[in-house]
Each structure stands twice: as structure tokens, then as C-alpha cells.
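A short write-up of the structure that comes next.
Please treat every number below as a calculation from the coordinates, not as lab data. Quantities reported herein were computed from a predicted structural model and do not represent experimental measurements. Because the Cβ atoms are built from the backbone with ideal geometry, glycine has one as well, and the counts that use them run over all protein chains shown.
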Amino acid sequence: MQSKKVSTHDVAHIADLAHIPVTEEEKENLAEAFTTTYGVVDILSKANTKGMTQTQQVTGLENVTRDDVIDETRMFSQEEALRNATTIHNGYFVVEQVLDKS
Amino acid sequence: MKANELTLTNAIKKLQSKKLSHKELYEDIEEAVKRKNTQLNIYLSVDKQAQQKAEKLQQSVLAGMPFAVKDNFLTVELPTTASSKVLEGFMPPYESTVTKNLMKNGGVVFGKTNLDAWAHGSSTETSDFGPTKNPRNPEYLPGGSSGGSAAAVAADVCLAAIGSETAGSIRQPSSWCGCVGLKPTYGRVSRAGVVAMASSMDSPGPITKCVEDAALVFSCIAGKDRYDATTVDAPIPDVVHTLKDGIKGYRVGICYVDHEKLKGTPAANAVIEAGKLFESLGAIVSYIPLSQQLEKNKILTPDYAIGIYTVVQRGEVSSNLARYDGIRYGADRSKFGAEAKRRIMLGTFALSKYFDENIYEKAQLTRSLYIKNFEQLLTQYDVLVSPSSPGFAQKLGASKNSPMFGELEDMLMEPTSISGLPGINVPSYHDETTNLYLGMNIVSGQWQEEKLLRAAYSFEQATKWNSWK
């Protein structure tokens, strides 16, 4: 892994993946920030991690489960669930159309 | 002395012995808020019913004391914004476990405090609602991300505060504001109802006026929670009663004072002085050269940890903040501020094919090395001591245009934070010209908060750096 320069074209692609709207000026700044990040994380390639396993849980807990029982005291009413939505329709959340009608 | 200037422990004592009333206490607090909040920008919202609630809690552990709570803890009765315009005006439908535990023990959530938006930062300058200023000297930053909570304590507009830390967000602002800040072991205090930042590291904890207060608040909020599967079902040590047992025979390791960016600085010198003091209190003190690679594969240096933290934290942020789509609650993604955009995208970038090897996997492998190496090191030492921040508070505006500001600021805490270890900041020096503070970070092994609280208490008692003494 070596430090490489990240282009505004790469930034546009990442922005699309992350669903973040960015202006042309932001693209320039982000390309620079990404390039700096490359430099900072570059050191990891030098660490000898032979024989190590990945950290999944820092205190070593595994497979924590609970009984599959519905806790009715924690359930939201429909009204509570919809209370913070900006647009609702007939008791539903309104989402953007994702499929083309034609 | 006004009642708002009391420590939590002393105010409870006074109240229960009828030398102080809730009315007097809350009037002093409200007067201080009125005088200071516009200038310092600490509280984003306050509960006007706080005094009324407190009056019913006389007999409880926390006796109706007013708490300042970071605005990334969900509270049913006060809006929760995480200092982001995305969540402006959001009224949570449920309560965080930490605030629930506080209230169960008789604490009152007096107000919600400013933070770096989504807790992304170490300055509180990235808040969408403007920066908080350092009450010790308003030309300076309070640090972050729990900058509002540390400022609330330093400005005496509460008796104690709650913050959250991923790597430094409790201890660094405590250091800059001259307070005590405890980051518990990961999994000791529930994350349920805390706006998620980096879930494998996020740890809620107290910011207080003294070590005794930190121990008390910790004992009220810690414990297994069925709504956070990473909390551990381990006994909570009786930290309040063991505080005063002293540190005779403690094995203290001084680290990071030889780091190239620290050598000879006031922050490093304060820790070296602390080492001498610990020795005089009966501890066995030695220096650990952690700034260099100890031997093959024995890395515990800040630089690898910064790399790991950058990848893991940004990666977890991009995943956790993917849920803000403006459909069920909050505004849409165009309302994210510049820093949140940058972190979400850096995370997406770190998890993408742009790197020639799987950088996330490599980071998690290297993280395992730190965990193992610290575990071994902490069989030889009871506590590790280093500066909390590399220096004093920086001036307003310092974090602008520096994408790695937080990482450099928190570099001394990242190695232990990625390893889940607990740590506490205690004031270790005061500069009379600027009225600013330095802080010292005391770390112990996982689940050993008792040890570090004892060391911190002994230090606090033997020095003059605590401004509430």
C-alpha cells in the first residue's frame, strides 16, 4: 500500500455511495482530506499481524442472546412511531419513489 | 460560596443535613445559567421543571442534584440533537439507559449540552449550533466532543455532567476545562439510547468537579443493560468506599512523556512531577518507553493507534450515520455539516476498494495486537500515567481546516481506547497567566476502575490543582 493521490472523480463516486450531496468546492477539499488519510493509515501496512485474529469485540464477549419474547412495555404506538416524521400519509411513512413506473 | 459552586458530594451532604434547600441550589444554578450561557453557549436546552422534580428526591442517592447531559443522550422530556441540524427539534420516543439510571438514583437532567456535531471532533467547534467557549478563559476552546458538559462543570452551571467518549471525548475536554473526567471500560456503561458514533468504542461516563464525585456518578450509571448486548454482567466495584485506601505498593508506569511531540513540554513535565509525587505516596514508579517500538511486535505507540482509530472510527461512523435518511425522523442528508460529511465519506472511502489491501481487516488485526500487548503490560503495572492532551486548550478557530485535529489531540488516548481500557483525567497543572489547565490521564486494565480512581483521588488530595478544593 503506498500513498496515492485521490481525485475529485473518486470523491464524486464515494459521495454517491454515501448518499451525501457535495459541491465542487467540497470535492476539492475532500480529495485533499482523503489523500491525507491515506498517509495516516499507511503505517498499518508495516505492522506484523501474523498469527493475530481480528478484534470483533474488545472485551471478548461472544454470542449474547436474549429470550425471543416481545416486551410490550417498550412498543411504540403507531402515533408515537410517526411523531417525528416530516411526511406521513394515511398512517404510513412517505418514502421517495425508487422504481420507475414505466 | 454559592450553592452551584459546591461539589456534588458536598451539596448532597449539605442538603441531607438541611443546611441547603433545593430552592437555594436551583436558584443559584439558574442565576449562573442566566449570567453565563449566552456568552459560553453551553446548554442547548434546559428543563424548566427541574427544581420541582428535585424536591421530591431528597432521600435518594443523588438527592435531586442537577446534571448537565451531553445532547447525544436520548431524553424524552428534552429535545436531542447531537448538535446537528439533521436532528434539530427531535423529541426522542424513549429514554437512554444512562439518564434512566441517573433519574432512578435521584438525579435530575437539568439541561442538554453542546457537543461537536455527532460527537465528531475534539473542539466543540463542529457543532451546528456554534462553538462552546472555555469558561476558564473564553478566548479558548473547551475541547470536545463533550465540550459542553466539561464547560458546564467548569462554569458551575450544574453540579456534575455526563459525557461520552470514543477516544478522548470525555478526558480531553475535562483536561482543557480543568475538570475530572472518567471514561469507563467499554461495556461497563450502557450505550442504549446514545446517538451512535463508533459502536465498538463508545463509552458514556461522568465529568465532575472532583474524583469523589466521579466515583459516585459512575456507581449510579454503570451495570449490565439488557438493551445493550455489549454491557458486561460483572460486579460493580464499590468505588466510593475504596477511594481513600491509598496507593501504597502501586506499580505506576509513566508513559508517552518521551514522545517527540511532548518531550520537555509542560504536559510531559507535569506527569514527571506526578511520578515523583506517587513515589512519595508509596508507589513504585517506573518509565515505560511506549513512544518507541518496545521489541518486535510489541507496538503500543500512538502512531499505529491513530491509523487503527482513523479506519475503524470512520468506518463505523459511515455505517451508523447511514440511518439518517429523513424518513422516520430528522432532516435529510443535505443537512449534515462539513465535518460529518467528511467523516461519513472518509469511512465509506476506508471501507471501499480504493485501498490495495483490506484496510479495515488490517486495522482490526493490529488492534488485536494492542489489546494483547496492553493486557501483558498491565500484569506488570497497576496504572499507566500520561498527559491527557499534548497541551493546554487551543484558541477558538484552531480546529478549522485540519482534518486530523482530533487525532493529534487525542493521540495519547487512542492506544488505550481502541483496547477498551478505562481512564480518568485529573487536573495536573494550572497556568496563572491564562487561567488554563493541563490534565493527566490515568489508565488501568479492563474492569479496574477502582484502581485508577484510587490513584486519581490520592493525586488530587496531595496537589493544589483542583479548583474546587
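A few points about this structure:
- The simple spin-label model puts a point 7 Å past each Cα toward its Cβ; for A:LEU99 and B:ALA462 those points are separated by 7.2 nm.
- Under 18 Å from the B:MET91 label point (7 Å along Cα→beta-carbon), backbone N, region A:79-94: A:79-88
- Approximate spin-label separation A:GLU79-B:THR242, in nm, with each point projected 7 Å along Cα-to-Cβ: 5.0 nm
- Cα shape, region B:1-143, gyration tensor, a/c 1.5 rule: oblate
- Semi-axis lengths, Å, chain B, gyration tensor of Cα atoms, sqrt of 5 times eigenvalues: 30, 28, 20
- Calculated on alpha-carbon atoms, Rg and Dmax of region B:406-458 in Å: 12.9, 39
- Extension gain, A:THR35 back to A:ASP71 (0.36 nm per residue minus Cα-Cα distance, nm): 8.2 nm
- Residue mean of other protein chain beta carbons inside 10 Å, B:410-420: 1
- Within chain A, the longest segment free of exposed loop sites, counting GluC sites (Glu not before Pro) that fall outside DSSP classes H, G, I, E and B and have at most 13 other Cβ atoms within 10 Å, spans A:1-61.
- Between the alpha-carbon centres of region B:131-172 and region B:347-361 there is a gap of 34 Å.
- Estimated FRET transfer efficiency when R0 is 60 angstrom, pair A:HIS13-B:GLN59 (beta carbons, to 0.05): 0.50
- Members of A:LYS46/B:LYS341; B:LYS183/B:LYS261; B:LYS2/B:LYS209; B:LYS13/B:LYS248; B:LYS48/B:LYS469; B:LYS183/B:LYS209 lying beyond 22 Å, as alpha-carbon distances in this model show: A:LYS46/B:LYS341; B:LYS183/B:LYS261; B:LYS13/B:LYS248; B:LYS48/B:LYS469
- Candidate lysines - alpha carbon under 16 Å from B:LYS372, same-chain residues fewer than 8 apart omitted: A:LYS50, B:LYS296, B:LYS298, B:LYS362
- Computed over the protein assembly as shown, the percent of Cα pairs more than 40 Å apart is 21.
- Sites B:GLU139 and B:SER319 - FRET efficiency at Förster radius 30 Å, r taken between beta-carbons, to 0.05: 0.20
- For the peptide B:333-345, the mean number of other protein chain Cβ atoms found within 10 angstrom of a residue's Cβ is 4.
- Sites excluded, GluC sites (Glu not before Pro) in DSSP loops with at most 16 other C-beta within 10 Å, longest stretch of chain B: B:140-259
- Where only C-alpha atoms are counted, convex hull volume of region B:1-70 per residue in Å³: 94 Å³
- Segment B:LYS13-B:GLU279, extension gain: residue separation times 0.36 nm, minus the distance between their alpha carbons: 92.5 nm
- Cα-based shape type of region B:108-167, given that a ≥ b ≥ c are square roots of the gyration tensor eigenvalues and the cut on a/c is 1.5: oblate
- Within the protein assembly as shown, percent of DSSP bridges classed antiparallel, to nearest 5: 65 percent
- Under a 5 Å amide H cut-off, with hydrogens placed 1.01 Å from N, B:LEU44 pairs with B:LYS112, B:THR113, B:ASN114 among residues at least 5 apart or on other chains.
- Shape category assigned to chain A from the gyration tensor of Cα positions, a/c cut at 1.5: oblate
- Residue order, fewest to most surrounding Cβ atoms within 10 angstrom, among B:ARG226, B:ARG188: B:ARG226, B:ARG188
- C-alpha long axis of helix A:24-41 to longest principal axis of chain A, angle in °: 60 degrees
- Under the criterion of Cα pairs below 8 Å and six or more residues apart, the relative contact order for chain B equals 17 percent.
- Segment B:SER286..B:ALA338, full-extension length gain: 14.3 nm, with 0.36 nm per residue of separation and the alpha-carbon distance subtracted.
- Loop trypsin sites (Lys or Arg not before Pro), region A:1-51 (other Cβ atoms within 10 Å of the site Cβ: 10 or fewer; DSSP): A:LYS5, A:LYS50
- Counts of other chain beta carbons within 10 angstrom of each beta carbon in peptide A:8-20 average 5.
- Normalising the average separation of contacting C-alpha pairs (under 8 angstrom, six or more residues apart) by the number of residues puts the relative contact order of region B:334-444 at 29 percent.
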